[in-house]
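The structure under discussion appears below in the form of structure tokens.
The values are calculated or read from the model by the stated rules, or taken from the named source; none is laboratory data. Only a predicted model underlies this, so the values are computations on that prediction, with no experimental measurement involved. Note that each Cβ is placed from the backbone with ideal geometry, even for glycine, and that neighbours are counted across all protein chains shown.
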Amino acid sequence: MVLKILGYSQEKAEEENNLKLNPFEDVPEWFKGYAGLGVDLNLTKGKTETKFDPDSNLSKQEFIAFILRALDYENNLAYKDAEKIGKEIKLLDSDDDIKSKITKAEAADYIFKSLSLEIENGTGYTLGEYLVKTDVLSEDKAKEVGIKFGEKDSKSVNILYFNDFHGNVAEETSGKKRNMGMAKLAGYVDMYKDKHENTIVLSGGDSYQGTADSNLTEGKPVSEMMKNMGVVASAVGNHEFDWGAEKIPTWAKDGNLEFLATNIYDKETNKPVEWASPYKIIEIGGIKVGLIGLAHPETTTLTKAEYIKDFDFKDPVESAKEWVEYLQEGKAKEGKPDVIIALTHLDSQEENGEITGSAAELAKKVEGLDAVLSAHSHQTVKGKVNEVPILQTNYSGRYVGELTIDLEAENTISTNLYAGDTIKNKIIPDEATNKVYEELQRELEPIKNNVIGEATEEFTHDRDTKGFNTLLGSWSCEVMADKTKAQVAIQNGGGLRRSLEKGQITVGDMYEIMPFDNYLVVMDLAGSELIKAIDHGIDMPKTTDGVFSGLIVEYDSTKAYGEKITKMTLSDGTPIEEDKTYRVVVNDFMFTGGDGYDFSKATNVDETYIPVRDVLVERIKSDKTITPKAIDYITDVSEAVMDKAA
């Protein structure tokens with residue numbers, strides 16, 4: 001009943017994909033597609049993983065939970081929470097017996113009430129209004145029976161924010177289904193702006209690089225999305241330099257937006273770079289919103305040296321202090337802003353309610369900031385430091401952040417986060433952006449979908465879990481070493497962006513796994529320097545741990561940086577000697593200081609200019625089928641770890 005109200009017909013339910021999604025063994029044939037849809041839309045998990053129990057009597061509690069999930073009150077909302085929320089939003093009466101069995105008449109009444117309730121996605125749309133917009137209900141009929149539409153908000157000033165989009169223009173339709181994709185992200189903004197008159201859209205940077213869709217066109221579809229969304233400003237992320245700084249003004253022009261950075265200086269002039277403004281003041285809804293931009297100082301070690309050699313990245317705290325003071329003193333031609341928000345590519349993390357990271361340090365040390373928009377660390381963060389709101393929206397379009405500014409409220413700025421996997425089923429895709437996406441797929445599909453081989457098992461490389469010996473990392477290093485006849489290969493963990501899944505491997509997969517155009521560099525390296533390089537990789541933060549092949553390493557995680565290695569041999573067991581020379585291959589990003597690696601003492605260097613991605617593709621094509629090998633290249637021999645293992 002709920003699925004039919006949402007516009008899913010019997011014909012839609014019987015589509016092959018929906019039938020395959022049904023996990024339940026006890027549902028009748030006609031219901032399998034609906035059951036599959038219910039699972040796919042996070043409306044139900046069934047009684048167990050394989051049992052739906054279609055003949056049982058449904059309680060009001062269960063039915064209300066279905067409706068609340070349809071209204072986007074989190075995926076698989078617990079039945080126990082249904083009564084509390086149902087009464088809060090007046091779907092249930094205060095004296096309703098939630099445990100009693102529901103009748104058809106009661107179910108119809110609850111569904112009718114739900115049509116006038118707002119979807120829990122921040123847009124302000126009611127469920128009935130959404131169904132009218134998607135042509136499930138006629139507007140005349142909806143109004144005739146008294147279905148309410150959401151009211152327009154012309155008073156508050158709102159900011160929509162996202163960060164680290166990384167070129168994820170395609171909606172994630174399998175797996176965890178988190179990424180919204182360009183058409184739905186733009187569609188969300190359309191719906192939000194339809195109900196919120198005074199809306200500013202901002203990006204935290206790292207928008208363009210990361211997928212074959214975007215990399216093969218150097219960010220063109222992302223610029224189209226930005227323009228259609230009305231993004232007015234973006235921070236400068238470290239990955240904005242991946243094709244050279246000259247792309248940044250092009251993206252600004254194509255996306256009709258402005259890049260902001262107070263702390264990127266031209267070395268020649270010792271002034272802020274011309275292609276990014278230190279600040280921007282936007283007057284909207286009677287409020288002047290001041291924005292200052294901040295890039296991450298780690299850009300100097302996270303980007304190819306040749307792309308940033310002309311720039312200095314100043315301390316973000318000191319830069320912020322300077323420009324906050326400038327704005328507070330009314331020196332800007334637009335006058336003094338009412339609020340000042342830091343639009344940054346600075347990292348943040350939240351654990352047990354405590355927020356840490358560069359963005360948190362900014363909030364602690366810079367007086368006069370009203371909010372900090374964070375990025376870079378790909379985390380979901382919503383909270384306060386020093387009474388300053390901090391917001392980060394994960395990455396790849398998985399969340400949308402909302403800031404509401406009310407100068408008369410006790411808390412001037414309030415924040416919200418909306419999860420893409422929860423809300424995207426009721427987002428109407430932006431038509432113009434969807435057209436760009438469809439045209440892009442027609443252009444790139446012959447390249448992206450070219451099957452080059454098959455993986456018999458998953459090659460794991462989980463960037464959210466600290467670890468060195470990943471199956472994908474080890475394999476890629478072995479391929480690099482084989483290509484160059486090197487004894488040892490080292491790859492920075494962040495150079496591989498995801499795991500390689502079991503099954504067919506396409507060119508598109510390889511662009512997503514390795515979006516960087518890095519090439520192989522081979523060198524002679526003294527054993528002492530090789531030990532330092534591996535030790536450095538061990539001490540890196542999670543997501544960037546160094547991976548390698550050709551070595552067997554024992555280390556003590558409790559030791560200080562530079563002293564962790566306790567034993568290191570070649571893979572045949574030959575000990576590494578500090579004064580002996582070894583042939584080592586890395587990528588050019590690492591060779592030029594990326595991720596803090598130092599190969600300045602290398603000799604007999606051969607910059608091959610052979611792209612690492614091409615070498616991996618070549619091997620897959622040659623082998624046709626690849627299988628991961630689990631080899632214990634590295635072992636933590638610290639006392640605590642060994643005791644636990646024992």
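General remarks:
- The residues of region 441-471 include none that are more than 25 Å from the chain's Cα centre (by Cα), at pLDDT below 95 and of a type in the set (A, V, I, L, M, F, W, C).
- Answer from Asn75, Asn18 - the residue that is at pLDDT below 85, among the polar types (S, T, N, Q) and part of a loop (DSSP other than H, G, I, E, B): Asn75
- Checked against (1) small (Gly, Ala, Ser); (2) in the same structural domain as Gly537 (by TED's automatic domain parsing); (3) touching a Ser or Thr at 6+ places or on another chain (Cβ under 7 Å), Gly401 passes all but condition (2).
- Among residues of region 619-628, those that are surrounded by 15 or more Cβ atoms within 10 Å (Cβ to Cβ) and either touching a Ser or Thr at 6+ places or on another chain (Cβ under 7 Å) or at pLDDT 95 or above (or both), counted: 3
- Only one of Val231, Val201 that is over 24 Å from Tyr307 (Cβ atoms), in contact with a strand residue (DSSP E or B) (Cβ under 9 Å, 6 or more places away or on another chain) and hydrophobic (A, V, I, L, M, F, W, C): Val201
- Identity of the residue in region 378-397, crowded, with 24+ Cβ neighbours inside 10 Å and touching a Ser or Thr at 6+ places or on another chain (Cβ under 8 Å), that ends up nearest to Thr412 (Cα to Cα): Ile390
- In region 512-525 there is at least one residue matching the filter, namely being among the aromatic types (Phe, Trp, Tyr) and in the same structural domain as Tyr555 (by TED's automatic domain parsing).
- So Val289, is it over 25 Å from Gly593 (Cα atoms), touching a residue at least 12 places away in the same chain (Cβ under 8 Å) and not basic (Lys, Arg): yes
- Thr433 modelled with pLDDT under 95, assigned to a helix (DSSP H, G or I) and in the same structural domain as Asp338 (by TED's automatic domain parsing): no
- Subset of region 209-227 [assigned to a helix (DSSP H, G or I), at pLDDT 95 or above and more than 21 Å from Leu291 (Cβ to Cβ)]: Lys220, Pro221, Glu224
- Those residues of region 229-259 which are more than 12 Å from Ser207 (Cβ to Cβ) and among the β-branched types (Val, Ile, Thr), in sequence order: Val232, Thr250
- Listed by first and then second residue, the pairs with beta-carbon distance under 6 Å, at least 6 apart or on different chains, first residue in region 89-106 and over 19 Å from Tyr79 (Cβ atoms), second in a loop (DSSP other than H, G, I, E, B), form an empty list.
- Listed by first and then second residue, the pairs linking a residue in region 219-243 that is in contact (Cβ under 8 Å) with a residue 12 or more places away in the chain to a residue that is among the aromatic types (Phe, Trp, Tyr) and assigned to a helix (DSSP H, G or I), with Cβ atoms under 7 Å apart and 6 or more places separating them unless they lie on different chains, are Gly219/Trp251; Pro221/Tyr437; Ser223/Trp251; Phe241/Tyr307.
- Set Ile552, Ile490: member being within 32 Å of the chain's Cα centre (by Cα) and buried (at least 16 other Cβ atoms within 10 Å of the Cβ): Ile490
- Residue check for Ser138: over 24 Å from Asn449 (Cα atoms), touching a residue at least 60 places away in the same chain (Cβ under 8 Å) and surrounded by fewer than 24 Cβ atoms within 10 Å (Cβ to Cβ): no
- Odd one out for Ala170, checked against (1) in the same structural domain as Gly290 (by TED's automatic domain parsing); (2) out of contact with any Asp or Glu (no Cβ under 7 Å at 6 or more places or on another chain); (3) of a type in the set (A, V, I, L, M); (4) not in a strand (DSSP E or B): (2)
- Breaking point among (1) of a type in the set (Asp, Glu); (2) under 30 Å from His376 (Cα atoms); (3) in contact with a helix residue (DSSP H, G or I) (Cβ under 8 Å, 6 or more places away or on another chain), for Asp164: (3)
- In summary, Arg498 fulfils each of the numbered conditions (1) assigned by TED's automatic domain parsing to the domain that holds Glu607; (2) of a type in the set (D, E, K, R); (3) at pLDDT 90 or above with the single exception of condition (3).
Yes/no per residue for (1) assigned by TED's automatic domain parsing to the domain that holds Ser59; (2) under 30 Å from the mean Cα position of the chain (by Cα); (3) under 23 Å from Asp40 (Cβ atoms):
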residue: Lys133; (1), (2), (3): yes, yes, yes
residue: Ala183; (1), (2), (3): no, yes, yes
residue: Met191; (1), (2), (3): no, yes, yes
residue: Thr199; (1), (2), (3): no, yes, no
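Each row is one residue, and each column tells you yes or no for (1) part of a loop (DSSP other than H, G, I, E, B); (2) within 26 Å of the chain's Cα centre (by Cα).
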residue: Leu327; (1), (2): no, no
residue: Ala342; (1), (2): no, yes
residue: Ala359; (1), (2): no, yes
residue: Ala363; (1), (2): no, yes
residue: Leu369; (1), (2): yes, yes
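- Taking first residues from region 372-397 that are farther than 30 Å from Asp213 by Cβ and partners that are of a type in the set (Ser, Thr, Tyr), the Cβ contacts under 7 Å between residues at least 6 apart in sequence or on separate chains come to Val372/Thr344; Pro389/Thr415; Ile390/Ser348; Ile390/Ser374.
- Residue list for region 251-303, restricted to those being part of a loop (DSSP other than H, G, I, E, B), surrounded by fewer than 17 Cβ atoms within 10 Å (Cβ to Cβ) and of a type in the set (Val, Ile, Thr): Thr269
- Flag if Ile631 is over 30 Å from Phe241 (Cβ atoms), within 35 Å of the chain's Cα centre (by Cα) and crowded, with 19+ Cβ neighbours inside 10 Å: no
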